[in-house]
1. Output the helices (runs of 4 or more DSSP H) that fall wholly within the stretch 332-443 and possess 1 or more residues being under 30 Å from residue 175 (Cα atoms) and in contact with a strand residue (DSSP E or B) (Cβ under 8 Å, 6 or more places away or on another chain), or say none.
2. When you go through (1) closer than 30 Å to residue 270 by Cβ; (2) surrounded by 19 or more Cβ atoms within 10 Å (Cβ to Cβ); (3) in contact (Cβ under 8 Å) with a residue 60 or more places away in the chain one by one for residue 193, which number turns out not to apply?
3. Go through (1) over 17 Å from the mean Cα position of the chain (by Cα); (2) in contact (Cβ under 8 Å) with a residue 12 or more places away in the chain and name the single condition residue 386 misses.
4. Would you check if residue 356 is surrounded by 24 or more Cβ atoms within 10 Å (Cβ to Cβ) and farther than 23 Å from residue 197 by Cβ?
5. Give me the residue from the stretch 101-118 that is surrounded by 23 or more Cβ atoms within 10 Å (Cβ to Cβ) and either in contact with a helix residue (DSSP H, G or I) (Cβ under 8 Å, 6 or more places away or on another chain) or modelled with pLDDT under 95 (or both) and, out of that set, farthest from residue 75 (Cα to Cα).
6. Could you tell me whether residue 178 is surrounded by 17 or more Cβ atoms within 10 Å (Cβ to Cβ) and in contact with a helix residue (DSSP H, G or I) (Cβ under 6 Å, 6 or more places away or on another chain)?
7. Within the group 125, 89, which residue is in contact with a helix residue (DSSP H, G or I) (Cβ under 6 Å, 6 or more places away or on another chain), within 26 Å of residue 168 (Cα to Cα) and assigned by TED's automatic domain parsing to the domain that holds residue 371?
8. Closer than 30 Å to residue 414 by Cβ, crowded, with 20+ Cβ neighbours inside 10 Å and within 22 Å of the chain's Cα centre (by Cα): which single residue out of 60, 134 fits that description?
């Protein structure tokens, strides 16, 4: 049985994740704890679902699928939710997405949850999306039970959100209107930790993929090389130019790229085509715009130097996470009170990763806490893939999903808290706009 505890607020680094900054944590605000009996119901509901949720998670883990191809995971989750009495709505614009909801009473607010389930090439669920999937499902079922048991009116929505790994599935869902009507939402994400439990609410970097194709002209490299236009030279020139440019970039900016195709098949033929794939990350979307312009200049300059044609494709922009302050502080407080787990609050500091949930945080009040699982390697490693199927990883997931459900129920039932959530988000978005104007005004 869960017992309320005095939380460890603003702790020292709580885990051995190796990727959180050393800067000062936000000073957490505290409010009176929300209805302990509701938290007891949440805990009891999740306790009764542990085996089922673990089975779903392990099935997804054993059947990793790439972005937009998550057919087995989609079917497993939809079938499970249907078995619990939910009507599962498909989203035509994103075939491997889904949406379910539960409403009690009339009117009331709407709280959203998110489940991811795509995997990575070659290393499977090395980002723990099998766990993220059940965190959303478990929180939904716990909220449903508590809403009925404690007369809490409102609506809880769960979105199945495919294609997070570099593809921007949530951006597609935003464009399709899947998030319309949701007042605030959350999701959870596992990270590398040690034996001690812990977590963090931290900003991510803005992110954009840039694809480049150079077109030249083939020729015999021995008889008449002057008749050719070397597309491999263009790629090499761009690569070297960007590498040299890095010394003028800020330390928190990331520009990563490869020559992915078209380097030639034989040394006696001038390569007529080459392809490059680049990722650009920066603290904010405004910062990224400035960096992407510089990177694009290198691509264009290489084309002019070599005489090649060039096609540059800047894909969808993933915004940085802007975690809502009120949601973040409530989650940290609940994790401390329910489980005695410290959660660092780092709203103005960034980790080196990126997520399409950043775009959601620009559309509504939202929060993306990380919780730690014991792992010998960080996210996107074989070691983390192994860690995400362990019993301990699932136990940490059950605790975090319970805390997320508690935050969601408070949002539905506590008008003052809901107003604070909206107010802190509006203040943050105003600050973002002012920051963007300062950054882009320097162009």
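The values are calculated or read from the model by the stated rules, or taken from the named source; none is laboratory data. Note that the structure is predicted; figures quoted are calculated from it, not measured. Virtual Cβ from ideal backbone geometry, glycine too; neighbours counted across all protein chains shown.
1. Per the criteria, 357-361, 391-413, 415-440.
2. (1)
3. Result: residue 386 passes all but (2).
4. Values: surrounded by 24 or more Cβ atoms within 10 Å (Cβ to Cβ): yes; farther than 23 Å from residue 197 by Cβ: yes.
When the stated conditions are applied, residue 356 passes them.
5. From the stretch 101-118, those surrounded by 23 or more Cβ atoms within 10 Å (Cβ to Cβ) are 111-118; that's our starting set.
Still in the list and also either in contact with a helix residue (DSSP H, G or I) (Cβ under 8 Å, 6 or more places away or on another chain) or modelled with pLDDT under 95 (or both): 111, 113-118.
Numbers: 111: 24, 113: 19, 114: 16, 115: 13, 116: 13, 117: 11, 118: 13 Å.
Checked the stretch 101-118; the qualifying residue farthest from residue 75 (Cα to Cα) is 111.
6. Numbers: surrounded by 17 or more Cβ atoms within 10 Å (Cβ to Cβ): yes; in contact with a helix residue (DSSP H, G or I) (Cβ under 6 Å, 6 or more places away or on another chain): no.
Here the answer is no, as residue 178 does not meet what is asked.
7. On the way: 89 fails: in contact with a helix residue (DSSP H, G or I) (Cβ under 6 Å, 6 or more places away or on another chain).
None of the other options fit; the residue is 125.
8. Numbers: 60 fails: closer than 30 Å to residue 414 by Cβ.
Selected residue: 134, the only one of 60, 134 that is closer than 30 Å to residue 414 by Cβ, crowded, with 20+ Cβ neighbours inside 10 Å and within 22 Å of the chain's Cα centre (by Cα).
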